[in-house]
Amino acid sequence: MTWSGAVHMQPGILMFTGAVGSAHMHSHAAVQIMIIDDGDVTVTDGDGHSEVVRSVVIPSGAVHALSASEGARGRAIYIDSTTGMGLRIRPPEPGRGGVADWSDRGQTAVAMTDRGADSDLEYAARLIDSLSEHEKASTLGVLHPALEHALTLLPERISGQVTLTDIAALVSISPGRLGRIFNDQLQMSFSTYIRWLRLRRAMEVMSSGATLTTSAHEAGFTDSAHLNRICHSMFGLTPSAATGGLTWN
């Protein structure tokens, strides 16, 4: 099965609706919520445990693969873990975090969220609310000032060379300290976040009809082969498979 359908983007969220395809082992820098409406989708975690899911919440950085049956349809919501919405989502409890836990969290969130007449994006926002740790709301979504500054600078520089040392100098902090803040607050390394930004930018450029090579250069990748490798590692798909059957809104 290949992916085909509509993609809606707004700051912090990318939402896919349509035919769900398969994807080999990968991990992305976004939190993913997936809801299956028709057919079967099997999720396999990094330890090799598999489960047929109806809804699932996959944390950022979690290794997983997808295997979709013919006719599988659903919604996949990718939430940027650097945004307020992404930071509100509770991380897995210590000692948990495999596919069984991801499925439990997804089913609980869907059961707690009335679909109503909301648009898909409005429904996604309410699903995120149901995954939030309200009793700790005062501390959620509060970024270290240096990290917050870095996150505003990076999108403007993503088409060129970006180093931790250069960004740390711009936000007046040591590279080692900034790297630790990325890991502590976003649960990902600086380099992982840069790859995610570049991939997201390349997909935006490709969606406008640009070639793979042009998209790679616009996003700061060395070449199309580099873009291809990163797309495989973060989505489990080639760039053409990730964007070819999609309508971008």
- [ ] Kindly list, by first and then second residue, each pair from a residue in the stretch 144-166 that is free of Cβ contacts under 8 Å to residues at least 24 places away in the same chain to a residue that is in a loop (DSSP other than H, G, I, E, B) and surrounded by 14 or more Cβ atoms within 10 Å (Cβ to Cβ), limited to pairs with Cβ atoms under 7 Å and residues at least 6 apart or on different chains.
- [x] 149/171
TODO: Search the stretch 155-190 for residues being within 21 Å of residue 61 (Cβ to Cβ), in a helix (DSSP H, G or I) and of a type in the set (A, V, I, L, M, F, W, C), and hand back the single one that is most open to solvent (accessible area, probe 1.4 Å).
DONE: 164
Open item on the list: Go through the stretch 177-225 and report how many residues are of a type in the set (D, E, K, R), more than 22 Å from residue 10 (Cα to Cα) and within 19 Å of the chain's Cα centre (by Cα).
Closed with: 1
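Is there a residue in the stretch 45-56 that is hydroxyl-bearing (Ser, Thr, Tyr), under 21 Å from residue 194 (Cβ atoms) and touching a strand residue (DSSP E or B) at 6+ places or on another chain (Cβ under 9 Å)? Before the answer, list the steps.
Taking the stretch 45-56 and keeping what is hydroxyl-bearing (Ser, Thr, Tyr), we get 50, 55.
Still in the list and also under 21 Å from residue 194 (Cβ atoms): none.
Within the stretch 45-56, not a single residue is hydroxyl-bearing (Ser, Thr, Tyr), under 21 Å from residue 194 (Cβ atoms) and touching a strand residue (DSSP E or B) at 6+ places or on another chain (Cβ under 9 Å).
The values are calculated or read from the model by the stated rules, or taken from the named source; none is laboratory data. Keep in mind it's a predicted model, so treat the numbers as computed, not measured. Glycine gets a Cβ as well: all are built from the backbone with ideal geometry, and neighbour counts include every protein chain shown. Surface areas here come from the heavy atoms of the whole protein model, side chains and all, with no ligands, DNA or RNA. Shrake-Rupley method; radii C 1.70, N 1.55, O 1.52, S 1.80 Å.
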